[in-house]
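The values are calculated or read from the model by the stated rules, or taken from the named source; none is laboratory data. Computed from a predicted structure; not experimentally measured. Cβ atoms come from the backbone with ideal geometry, glycine included; neighbour counts cover every protein chain shown.
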Amino acid sequence: MKIIVIFIIVFSTLAIGYQIYRYNDIKKDAAVFDEHWQKFLKADVLNDIEGIKFYGDKLIWNRYIETEHLHRMNRVVASRLEKHQELKKLSNAIFNKNRHLERPLPVSENNGGRRKFDN
């Protein structure tokens, strides 16, 4: 019986800790997005390839990025890709993130989300 109580306490503590971590991570993403975006644009103006790579990677993994930002990032990276092959990984990440954000979402069409079969 003691093992079950200990297990429940440990599991509950881990679950609460994880939720606190996720909440703080979401708040941090929102707080740093504008700063990273401005630094990415500054790196673009200064033609700073390392800055473009660094802040581009930070922006790709930020949950608040929008397709307009991705299109701008794609133009910046594509214009330099021929001379700087180290941007290839960032270019692929931008492409994949853009596909993810622009994917068609399923519509239930009043069938409970189940697929309709033609018979």
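Annotations for the structure displayed:
- Which numbered condition Phe40 fails, given (1) in contact (Cβ under 8 Å) with a residue 24 or more places away in the chain; (2) part of a loop (DSSP other than H, G, I, E, B): (2)
- Some residue of segment 53-63 being small (Gly, Ala, Ser), out of contact with any Lys or Arg (no Cβ under 6 Å at 6 or more places or on another chain) and in contact (Cβ under 8 Å) with a residue 12 or more places away in the chain: yes
- Matching residues, segment 3-24, being among the polar types (S, T, N, Q) and more than 17 Å from Arg63 (Cβ to Cβ): Ser12, Thr13
- Scanning segment 54-86 for residues that are over 18 Å from the mean Cα position of the chain (by Cα), in a helix (DSSP H, G or I) and not β-branched (Val, Ile, Thr), we see that the one that is surrounded by the most Cβ atoms within 10 Å (Cβ to Cβ) is Arg80.
- Taking every residue in segment 94-119 that is within 30 Å of Val76 (Cα to Cα) and loosely packed, with under 10 Cβ neighbours inside 10 Å and pairing it with any residue that is β-branched (Val, Ile, Thr) and at pLDDT 55 or above, at least 6 positions away or on another chain, the pairs with Cβ-Cβ distances below 8 Å are Glu102/Thr67.
- Asn98 vs. criteria in contact with a Leu (Cβ under 9 Å, 6 or more places away or on another chain) and not charged (D, E, K, R): yes
- Flag for Ile16 being loosely packed, with under 15 Cβ neighbours inside 10 Å and more than 21 Å from Leu101 (Cα to Cα): yes
- Of the residues contained in segment 37-52, one or more are found to be within 15 Å of the chain's Cα centre (by Cα) and surrounded by 10 or more Cβ atoms within 10 Å (Cβ to Cβ).
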